[in-house]
1. Given the options B:Asp178, B:Asp215, name the one that is charged (D, E, K, R), touching a strand residue (DSSP E or B) at 6+ places or on another chain (Cβ under 8 Å) and either open to solvent by less than 40 Å² (accessible area, probe 1.4 Å) or over 15 Å from B:Tyr130 (Cβ atoms) (or both).
2. Checking B:Ile274 against (1) touching a Gly at 6+ places or on another chain (Cβ under 9 Å); (2) in the same structural domain as B:Ile148 (by TED's automatic domain parsing), only one condition comes out false. Which one?
3. For the range A:67-85: of the residues being facing another protein chain (nearest Cβ under 7 Å) and touching a residue at least 24 places away in the same chain (Cβ under 8 Å), which is farthest from the chain's Cα centre (by Cα)?
4. So which residues in the range A:9-30 are open to solvent by 60 Å² or more (accessible area, probe 1.4 Å) and modelled with pLDDT under 85?
5. Confirm whether A:Phe112 is among the aromatic types (Phe, Trp, Tyr), within 23 Å of B:Thr141 (Cβ to Cβ) and either more than 10 Å from chain B (Cβ to nearest Cβ) or out of contact with any strand residue (DSSP E or B) (no Cβ under 9 Å at 6 or more places or on another chain) (or both).
6. Of the conditions (1) open to solvent by 20 Å² or more (accessible area, probe 1.4 Å); (2) within 14 Å of another protein chain (Cβ to nearest Cβ); (3) free of Cβ contacts under 8 Å to residues at least 60 places away in the same chain, B:Ser267 fails just one. Which one is it?
7. For the range B:135-175, how many residues meet the condition of being open to solvent by 10 Å² or more (accessible area, probe 1.4 Å) and either part of a strand (DSSP E or B) or closer than 30 Å to A:Ile133 by Cβ (or both)?
8. Take B:Val38 and decide whether it is part of a strand (DSSP E or B) and modelled with pLDDT of 85 or more.
Amino acid sequence: MFSDIKYYLKISFPSLTIFFLIFFNLFFANNFFDFGQLFILHAIFFWLLNFPKLIPFYIILIASLVQDIIYLSPLGSTPLVFFLLIFLFEKYNKFFLEPSFIELFFSFVALFTIGMFIFWGINSIFNLKPLLINIDFLYKIFLNTIFFPIHYFFLNIIFKKMNLNKKL
Amino acid sequence: MQIGGKISFFKLKARNKKNLFSNYTFVFFVILSITLIVLDKKKSINSSLIRSNIIDTIFFTKKFILSSLPNMDKFKLSFKSKNNLLLENKFLKEKIEQNNLYKLKSEKLEIENNILKKELSLMPPSKEDYVLVKVIADTQTDYKKTIIVNAGKNNNINKGDTALTSKGLIGSVIEVYDSHSRVLLLNDINSKIPVRVGKKNKKAIISGNNSNKIDLLYLKENISFDEDEVVYTSGDGGFFSPGIPIGQIKKENNYFFVRPFNDSNKSQYINIFINQFKNF
């Protein structure tokens, strides 16, 4: 019984980290530490890299739709951004990513920045005019760039502690 | 996964990695997302009902979790010394006295104001009701400027009601859920409000642009403003009561804009004006 619960907790852990980041950004991050809608890319990036089986597309779809509902974006716009980023990740992964954190870091920053521009593009299309790119846009990239190594470090520790690779 | 290691970022080498997902899955989910966008934009699906249920559930769950946690304030209180409590008591008494004085002054002004309005026959045939609400989630993004407050249909809030603070207008209610509502802030790109400017009552429409500088639209040619002139709602269109302060005129490189009195990032409590005036 307990081993079953433990097993299900383990396999759902990557999805839980994504939802945790959504609610952390909504309830606890104030304006100064507003990471934006692409915040969950920290977890998606990590799990796609380490354990893509445990992060199915429908979880990304549900998590992104929850963000659309919370932030009043048109339903489907955030999932579209994430799927395009995952597509890029898939292509990018084959050429660039090496087992070096520096490379992963630059890859993440590149993907995040592209994601921000895709968001900007989609929202400009919805508003039928190019929207202003203000300092907040750059600040969000900067903030996520700084916090990515911290999140990566913690997720890496948890990943190793849980022995996901061996036991699943 | 190795953290650190040799920097080989610029090495372009294709690795023989297995695909993470099939192309069909990817295409299916992209098409699904685009379909959802189209359906939502065409209003073929009742997205407000989905939003209402999910937002109420999220905040109910948050409230439930927080209420089941031990109350840390009680622990903090037990550590407060008697001297601190006496000082706090003294400070609070002074505050009450001060507030009573302000209350008396405001009551006197309100009576005087009502008499003058009656004399001028300007009294709108409306019942003015305010609901004080708390901002429970700041859902502002780069492209949407909204906040969620903790009152909805349960407090008779309706779509279009005015949201304001003691400083002035902050926005209007755009979505009402069972026990929550969403307020569209002044600086959102979709916010358009008819206003009058300064003592000369120059009319214009203010439009947000997702920054803290609000644009003035539909101005007559060669019109000029003085800096720091106050901008009020004009009441045109019947959505807002007239005379609610919004902000001040500012000038930068011959470009006039409105700087709102309220900083939407800092507002914690706001009043929702259950606006009967729009039925007038």
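1. B:Asp215
2. B:Ile274 satisfies every listed condition except (1).
3. This residue is A:Pro74.
4. Once the filter is applied, which keeps residues that are open to solvent by 60 Å² or more (accessible area, probe 1.4 Å) and modelled with pLDDT under 85, the range A:9-30 yields A:Leu9, A:Phe28, A:Asn30.
5. Criteria met by A:Phe112.
6. (3)
7. 15
8. The answer is no for B:Val38.
The values are calculated or read from the model by the stated rules, or taken from the named source; none is laboratory data. Every value quoted in this text rests on a predicted model; they were computed, and no experiment measured them. With ideal geometry, Cβ positions are generated from the backbone for all residues, glycine too; neighbour counts draw on all protein chains shown. Keep in mind that these areas ignore ligands, DNA and RNA; they rest on the heavy atoms of the full protein, side chains included. Shrake-Rupley method; radii C 1.70, N 1.55, O 1.52, S 1.80 Å.
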